[in-house]
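Visitor: A single structure is presented below for examination.
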Amino acid sequence: GKLFNLDSPILKVLGTLADMCLLNIMTLLGCLPIITAGASLTAMHYVMLKIVRNEEGYIWKDFWKSFKENFRQGTCIGLILLAFVVFFLVDCYIFKSLVEEISLPLLAIAGAFALFLYMIYLYVFPLLSHFHNTVLGTIKNAFFVGIMAFPQTVLMMIVSALPLVLVYQYTQILPLVLMFGFTGPACFCAWLYSKIFKRLEPKA
């Protein structure tokens, strides 16, 4: 009947969910060595933007195409962000041991720094996957886009943090997060930043 017609909405949704699950597992495996996490996240955003824009493609092929093309820059950006995260965590650990009058303002500054870092993280890999630029140019643009599209940035921050918050609260949903923890939020984010990117794309 109509239900299992190849063009039926139900089969399209199921197909997209299967694609997102496969993409999530590939991204997760790509992030496990840590050093390749940047390239893996860049490749995921490359595929995710194609999914959101309904552009033809093959998950596996497109993922590896972007992974290889952006390996050097993605790895470089990933390691820069990782260094900042380690620096932030060490600082917080030191600040906590200080007297309260000193530690509270310092922790507030560190918190603001963490939010800026998170904002850059949300845009830097999508930008790298879609636009040609230098490493520093991509990081700088991620910062500017995050500020320029601030309401969308706040939404992206909340949605991207959800899987971690939910796993922390309810460990039984871990299998679901392993299937869609990266791609679920990334799909929502791509839907938002796709519109921003359209304004930045050179007009044909």
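The values are calculated or read from the model by the stated rules, or taken from the named source; none is laboratory data. All of these numbers come straight from a predicted model, not from anything done at the bench. Positions of Cβ are backbone-derived with ideal geometry, glycine not excepted, and every protein chain shown enters the neighbour counts. Accessible surface areas use protein heavy atoms only, side chains included; no ligands, DNA or RNA. Shrake-Rupley method; radii C 1.70, N 1.55, O 1.52, S 1.80 Å.
Visitor: With axes computed from alpha carbons, what is the tilt in degrees of helix 183-200 against the longest principal axis of the chain, rounded to the nearest 10 within 0 to 90?
Guide: Once rounded, one gets 90 degrees.
Visitor: Could you check which residue among Thr27, Thr138, Thr171 shows the biggest mean-square fluctuation in a GNM of the chain with a 10 Å Cα cutoff?
Guide: Top of the fluctuation ranking is Thr171.
Visitor: Okay, next question. Over all Cα pairs of segment 36-168, how is the pair count split among 10 Å bins, expressed in % and running from 0 up to the last occupied bin?
Guide: Reading upward from the zero bin: 12, 35, 35, 13, 4, 1.
Visitor: Sticking with this structure for a sec: Helix 135-148 sits at what angle to the longest principal axis of the chain, using alpha carbons and giving 0 to 90 degrees rounded to 10?
Guide: Once rounded, the angle reads 90 degrees.
Visitor: A further question follows. Charges on Cβ only, +1 for Lys and Arg, -1 for Asp and Glu, centred on the Cα centroid of the chain; of Phe95, Phe143, Gln172, which one is farthest towards the dipole's positive end?
Guide: Highest projection toward the positive end goes to Phe143.
Visitor: Quick one: among Pro126, Pro163, Pro33, which has the greatest mean-square fluctuation in a GNM of the chain with alpha-carbon springs under 10 angstrom?
Guide: Largest GNM mean-square fluctuation: Pro33.
Visitor: Find the relative contact order for segment 1-99 and round it to a whole percent, using C-alpha pairs within less than 8 Å whose residues are 6+ positions apart.
Guide: 25
Visitor: Please sort by residue number the chymotrypsin sites (Phe, Trp or Tyr not before Pro) in segment 26-80 whose DSSP state is loop and whose Cβ has at most 16 other Cβ atoms within 10 Å.
Guide: For chymotrypsin sites (Phe, Trp or Tyr not before Pro) across segment 26-80 that sit outside H, G, I, E and B with at most 16 neighbouring Cβ atoms in 10 Å, the list reads Tyr58.
Visitor: If you project the alpha carbons of segment 147-191 onto their three principal axes, what span does each projection cover, largest first, in Å?
Guide: Cα extents, longest axis first: 37, 18, 9 Å.
Visitor: Where in segment 27-76 are there GluC sites (Glu not before Pro) that are in a DSSP coil and have at most 16 other Cβ atoms within 10 angstrom of their Cβ?
Guide: Taking segment 27-76 and a limit of 16 other Cβ atoms within 10 Å, the loop GluC sites (Glu not before Pro) found are Glu55, Glu56.
Visitor: Please work out the Cα center distance from segment 29-81 to segment 104-162, rounded to the nearest Å.
Guide: Using only Cα atoms to place each centre, the spacing works out to 18 Å.
Visitor: Continuing with this model, one more query. For the chain, with every protein chain kept in place, what is the accessible area per residue (1.4 Å probe, Å²)?
Guide: Result: 61 Å² of accessible area for each residue.
Visitor: Let me ask another. In percent, how large is the relative contact order of the chain, given Cα pairs closer than 8 Å and 6 or more residues apart?
Guide: Averaging sequence separation for qualifying contacts and normalising by length gives 26 percent for the chain.
Visitor: Of the heavy-atom accessible surface of segment 108-148 (probe 1.4 angstrom), what whole percent is carbon and sulfur?
Guide: After summing per-atom areas, the C and S share lands at 78 percent.
Visitor: Need the full-extension length gain, Ile25 to Leu82, defined as separation in residues times 0.36 nm minus the C-alpha distance. One decimal, nm.
Guide: 18.4 nm
Visitor: Suppose accessible area is computed on protein heavy atoms with a 1.4 Å probe; arrange Lys195, Lys203, Lys50 from highest to lowest.
Guide: Descending accessible area places them as Lys203, Lys195, Lys50.
Visitor: Angle, helix 37-52 long axis vs. longest principal axis of the chain, Cα atoms, 0 to 90°, nearest 10?
Guide: Between helix and principal axis, roughly 40 degrees.
Visitor: How many lysine pairs are close in the chain, with Cα atoms under 19 Å apart and the two 8 or more places apart or on different chains?
Guide: Summing the qualifying lysine pairs gives 10.
Visitor: Would you kindly find the accessible area of His45, with a 1.4 Å probe and non-protein molecules such as ligands, DNA and RNA excluded, rounding to the nearest 10 Å²?
Guide: 20
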